[in-house]
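Working notes, beginning with the structure itself.
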Amino acid sequence: MSLALLKKDLKQNYTLFLIFLSVLVMYMLMMIPMFNPDDINELLIILNMMPIEMLRAMGFSDIITDLTSFLASWLYGMLMFGFPMVYCIILGNRLVSKMIDNNSFAYLLSTPNSRVKLIVTQGFFALFSLLLLFVLVFSSGLLFSHLIHPGLLDVSAFLKLNIMTMLLNMVIIMICFTSSCIFNESRRSSGVGSGIAVTFLLMNMLGSSSLDLEILKKMSLYGLYNPVDLVRGSNVTGIGLFFLGLIILLFTISVLIFNKKRLPI
Amino acid sequence: MIDVKNLTMIYPSGKGIFNLNFKVKKGEILGYIGPNGAGKTTTIRALLGFMKPNEGTCTINGLDCIKDAPKIQRFLGYIPGEISFFDDMTGYEFLQFMHEMRGLKDNGRQNELLKLFDLDPKGKIRRFSKGMKQKLGIVTAFMHNPDVLILDEPSSGLDPLMQIRFINLILEEKEKGKTIILSSHIFEEVEKTCDNVIIIKEGKIVNYSTVQLLKKSQRKGFIIKPDNCEQAIQTFLRSNFISNQLNNDSIEVYCSGDRIDEFIKTCAKLKLYNFDEISQSLEDVFMQYYKNEGVQQ
């Protein structure tokens, strides 16, 4: 790992990071006051007025009675992976393929650092930034809940929910990162990476909207676990480990491919 | 120091470099010349370890250019043919970053070079002019005092004054015993600095000689204004010089580098009103070389 490169990545990408962080934290800040234990029935009435397919597609299908499930449904059912997906696509592309495309990677390779070291640093930065993003999102959730609804948040369930969502986003960024390591053209790399991610997202939305299409959801990375079931105690360790395995596998493939390939720089 | 053996690298398009063999001794400067698309940058990609060759090997100081690329980079300076920095950095940030990536602290040489090229690398690199970017590339390649330098068209975009300073820098480095491969289109630069010259065309070496030999083979052209064009053309023809009527009072005459004396003596037989040399660029030299090749084939 190269500390100098890590520092450069941080400097270059902190604006991107802050934009996504602030949007997610803002949503957290908006959603938590909207939960009102007394008004939960009123919310149910509103929900019942909307077409069930639409609600399902947005991941709001379950009946919510507690704050943790409320957040799991409204924030973690779609927003917490749909929105960071864009971050994953942009960052994944920036970290490798963009620099190959515009030749600037030549300057990284004209220093006494091996390709493996450089690419491991870039991949580590991608994963680390998501870790940081979710640590901050989790902390903000904890803080706002404590301020607005003291004692109502099931902290350990909320932590589990954030870890799972983080792992899911890490898989997505690794898909984009691998694509970035394979393709030398920035356009291709982001096209393939975002293509895969968006396909999974659409499969999840379609699969949720109708029982007939549920198979699509089950085949989508985004639909492998139900966030509301998760906070209500269903065991997701297997899926968590699957995500972790996928992250390691994709990272390894990226490094191997990048180490061997011809760089037109 | 640099040893290229049977180096073959073929792109999917079928272009590439084919079976290149050459050596550069320590302290030698090799000019690496060829038209666009001849394979200069491809050779450099193999030397830098960016691309693994299909066949053959290249080593620098006994280290394999692919396997040992990071070790080689410790004593190698490189100027890319198409320079691209990290645009959002300022010039100073970039230099600082390169120091850190190389694990070096001393920036004494860096400041000397900035002064030499009159470069103040404040501000975002994105806003730099082509010449400023090129200067920044030069400073980056030389600032860690490398033993070997691989320079891909290093002075493109520099103004004439800076080109002279660059030539002086190369000569200074040569004095220090540096080994340099210089890919260039500027004849003066190659003529003043290089010991040997390789001309490459369509991926193959078509000429590998010393600069002196290359200069000898260079055909010189002159525009002269004689009192009688017809008579002058006949005189040159008798002495085996090729000449053409340019307009009604001037002719052009061509003479190879090793027949200058004979040429001047032939001119002395004529009455001349004007005598101009046609300035020739390096392109003309290899254009001529290719033409000769064509005749031989």
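Values for this structure:
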read-out: Scope the range A:89-116; condition touching a Ser or Thr at 6+ places or on another chain (Cβ under 6 Å) and either surrounded by 22 or more Cβ atoms within 10 Å (Cβ to Cβ) or not small (G, A, S) (or both); matching residues; value: A:I89, A:G92, A:N93, A:V96, A:S97, A:K98, A:D101, A:N102, A:N103, A:N113
read-out: Test set (1) touching a residue at least 24 places away in the same chain (Cβ under 8 Å); (2) more than 17 Å from the chain's Cα centre (by Cα) - A:S110 fails condition number; value: (1)
read-out: Odd one out for B:N274, checked against (1) crowded, with 18+ Cβ neighbours inside 10 Å; (2) outside the structural domain of B:T43 (by TED's automatic domain parsing); value: (1)
read-out: Search result, residues across the range B:37-71 that are crowded, with 16+ Cβ neighbours inside 10 Å, part of a helix (DSSP H, G or I) and facing chain A (nearest Cβ under 8 Å); value: B:R45, B:L48, B:A69, B:P70
read-out: Members of the range B:242-297 that are assigned to a loop (DSSP other than H, G, I, E, B) and either among the hydrophobic types (A, V, I, L, M, F, W, C) or at pLDDT 75 or above (or both); value: B:N248, B:D249, B:K269, B:L270, B:K271
read-out: Which listed residue is assigned by TED's automatic domain parsing to the domain that holds B:K71, under 26 Å from B:Y92 (Cβ atoms), of a type in the set (S, T, N, Q) and in contact with a Lys or Arg (Cβ under 6 Å, 6 or more places away or on another chain), from B:N168, B:N145; value: B:N145
read-out: Strands (runs of 3 or more DSSP E) (entirely within the range B:189-232) containing at least 1 residues that are outside the structural domain of B:G14 (by TED's automatic domain parsing) and surrounded by 15 or more Cβ atoms within 10 Å (Cβ to Cβ); value: B:219-226
read-out: Count - residues of the range B:169-188 that are in a helix (DSSP H, G or I), within 20 Å of B:M1 (Cα to Cα) and either within 14 Å of the chain's Cα centre (by Cα) or free of Cβ contacts under 8 Å to residues at least 24 places away in the same chain (or both); value: 4
read-out: Count - residues of the range A:128-181 that are touching a residue at least 40 places away in the same chain (Cβ under 8 Å), in contact with a Ser or Thr (Cβ under 8 Å, 6 or more places away or on another chain), under 27 Å from A:S194 (Cβ atoms) and not small (G, A, S); value: 6
read-out: Yes/no for A:I172 being of a type in the set (A, V, I, L, M, F, W, C), crowded, with 23+ Cβ neighbours inside 10 Å, within 14 Å of another protein chain (Cβ to nearest Cβ) and in a helix (DSSP H, G or I); value: no
read-out: Condition met for A:V86 (over 28 Å from A:M203 (Cα atoms), among the β-branched types (V, I, T) and surrounded by fewer than 23 Cβ atoms within 10 Å (Cβ to Cβ)); value: no
read-out: Selection from the range A:175-191 of residues that are part of a helix (DSSP H, G or I) and either surrounded by fewer than 21 Cβ atoms within 10 Å (Cβ to Cβ) or in contact with a Phe, Trp or Tyr (Cβ under 6 Å, 6 or more places away or on another chain) (or both); value: A:C181, A:I182, A:S186, A:R187, A:R188, A:S189, A:G191
read-out: Single residue of A:F138, A:F158, A:F177, A:F144 found to be under 17 Å from A:L16 (Cα atoms) and either away from chain B (no Cβ under 14 Å) or of a type in the set (V, I, T) (or both); value: A:F177
read-out: Per-region count, the range B:83-100, residues more than 9 Å from every other protein chain (Cβ to nearest Cβ) and either closer than 14 Å to A:A106 by Cα or aliphatic (A, V, I, L, M) (or both); value: 1
read-out: Matching option when the condition is among the aliphatic types (A, V, I, L, M), under 21 Å from the mean Cα position of the chain (by Cα) and assigned to a helix (DSSP H, G or I), among A:L241, A:L256, A:L213; value: A:L241
read-out: Given (1) over 22 Å from the mean Cα position of the chain (by Cα); (2) more than 8 Å from chain A (Cβ to nearest Cβ), number of the condition B:F75 does not satisfy; value: (1)
read-out: Among (1) touching a helix residue (DSSP H, G or I) at 6+ places or on another chain (Cβ under 6 Å); (2) of a type outside the set (D, E, K, R); (3) not in a loop (DSSP other than H, G, I, E, B) - the single one A:L202 does not satisfy; value: (1)
read-out: Residue count for the range B:8-36, restricted to those that are without any contact (Cβ under 8 Å) to a residue 60 or more places away in the chain and more than 14 Å from every other protein chain (Cβ to nearest Cβ); value: 3
read-out: Restricting the range A:21-55 to residues that are among the polar types (S, T, N, Q) and in a helix (DSSP H, G or I), the residue that is modelled with the lowest pLDDT; value: A:N41
read-out: Given (1) β-branched (V, I, T); (2) surrounded by fewer than 23 Cβ atoms within 10 Å (Cβ to Cβ); (3) closer than 26 Å to B:V211 by Cβ, number of the condition B:I79 does not satisfy; value: (2)
read-out: Every residue from the range B:233-270 that is exposed (fewer than 11 other Cβ atoms within 10 Å of the Cβ) and either among the acidic types (D, E) or touching a residue at least 24 places away in the same chain (Cβ under 8 Å) (or both); value: B:D261
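A quick yes/no check of all residues on (1) within 14 Å of another protein chain (Cβ to nearest Cβ); (2) hydrophobic (A, V, I, L, M, F, W, C); (3) part of a helix (DSSP H, G or I):
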residue	(1), (2), (3)
A:F70	no, yes, yes
A:G82	no, no, yes
A:M85	no, yes, yes
A:N113	yes, no, no
A:L131	no, yes, yes
A:F134	no, yes, yes
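The values are calculated or read from the model by the stated rules, or taken from the named source; none is laboratory data. Please read all numbers here as calculations on a predicted model, not as lab measurements. Note that each Cβ is placed from the backbone with ideal geometry, even for glycine, and that neighbours are counted across all protein chains shown.
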